[in-house]
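See below for the structure under consideration.
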Amino acid sequence: GQQVMQIPQYQHVQEGEDFTTYCNSSTTLSNIQWYKQRPGGHPVFLIQLVKSGEVKKQKRLTFQFGEAKKNSSLHITATQTTDVGTYFCAGPQGGSEKLVFGKGTKLTVNP
Amino acid sequence: NAGVTQTPKFQVLKTGQSMTLQCAQDMNHEYMSWYRQDPGMGLRLIHYSVGAGITDQGEVPNGYNVSRSTTEDFPLRLLSAAPSQTSVYFCASSYQLADYNEQFFGPGTRLTVL
């Protein structure tokens with residue numbers, strides 16, 4: 001079945017540094033979603049990308065969807081301690097109603 | 001709106017016991033799902049439902065049963081708990097997956113099986 005792979009698994013940065021997490025699918029995705037989970041919390045939806053090559057920004061967060069719709073990235077500029085958490089990508093398994101999540105990237109920020 | 005609610009928040013079971021994790025949503029969402037989250041494993045789909053009376057298996061369905069008799073409720077049943085089922089369980093809901101499909105997650109149930 002479809003796999004959604006995310007790298008890196010962990011990332012530790014100094015406050016103010018940039019951060020990027022990458023998501024790769026073994027098959028073409030109709031859309032991709034990104035979620036953030038704070039420590040001890042539940043996943044919270046950040047954004048959905050649908051179009052090939054799409055780029056969306058939310059303040060310091062930039063989301064990209066690859067031209068082939070098989071990869072995506074989340075980039076955070078000038079990280080803050082409030083960015084701490086685990087970031088997940090997720091995509092519908094081709095032809096089904098199953099939403100498959102990557103294993104996530106856990107971000108820690110040193111103040 | 002309460003959103004997605006889950007009960008209980010914490011549960012400790014002994015091996016072999018059965019229990020039901022409750023999930024309810026008040027957003028009239030058609031799509032509901034159950035995930036388990038284990039360290040380093042991300043979120044793995046257990047079962048999902050596209051509407052009342054319709055359920056299907058996810059990635060890791062063994063040892064779990066579900067039913068969807070109403071739009072609002074989607075309980076997850078553990079038939080005979082095993083230590084391997086120690087995990088954090090999240091219920092989620094959304095409009096149909098094919099459309100704009102932001103998943104709303106409940107607060108989770110932390111289950112320990114001894």
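The values are calculated or read from the model by the stated rules, or taken from the named source; none is laboratory data. None of these values were measured; they are calculated from a predicted model. Positions of Cβ are backbone-derived with ideal geometry, glycine not excepted, and every protein chain shown enters the neighbour counts. For accessibility, only protein heavy atoms count, side chains too; no ligands or nucleic acids. Shrake-Rupley method; radii C 1.70, N 1.55, O 1.52, S 1.80 Å.
Cβ-Cβ contacts under 7 Å between residues 6 or more apart (or on different chains), taken from a first residue in the range A:92-111 that is in contact (Cβ under 8 Å) with a residue 24 or more places away in the chain and farther than 19 Å from residue B:55 by Cα to a second residue that is acidic (Asp, Glu) and open to solvent by less than 60 Å² (accessible area, probe 1.4 Å), are listed as A:107/A:83; A:109/A:83.
Residue count for the range B:97-106, restricted to those that are in a loop (DSSP other than H, G, I, E, B), at pLDDT 75 or above and open to solvent by 10 Å² or more (accessible area, probe 1.4 Å): 1.
When the range B:60-96 is examined, which residues are found to be among the polar types (S, T, N, Q), part of a loop (DSSP other than H, G, I, E, B) and either touching a Lys or Arg at 6+ places or on another chain (Cβ under 9 Å) or free of Cβ contacts under 8 Å to residues at least 40 places away in the same chain (or both)?
Selection gives B:62, B:67, B:69, B:70, B:86.
Among residues of the range A:85-99 being of a type in the set (A, V, I, L, M, F, W, C) and under 18 Å from residue A:66 (Cα atoms), the one that is modelled with the lowest pLDDT is A:90. Note on the range B:61-92: residues that are within 14 Å of chain A (Cβ to nearest Cβ) and at pLDDT below 95 total 0.
Listed here are the strands (runs of 3 or more DSSP E) enclosed by chain A that have at least 1 residues being of a type in the set (Gly, Ala, Ser) and either open to solvent by 50 Å² or more (accessible area, probe 1.4 Å) or within 11 Å of chain B (Cβ to nearest Cβ) (or both): A:85-92.
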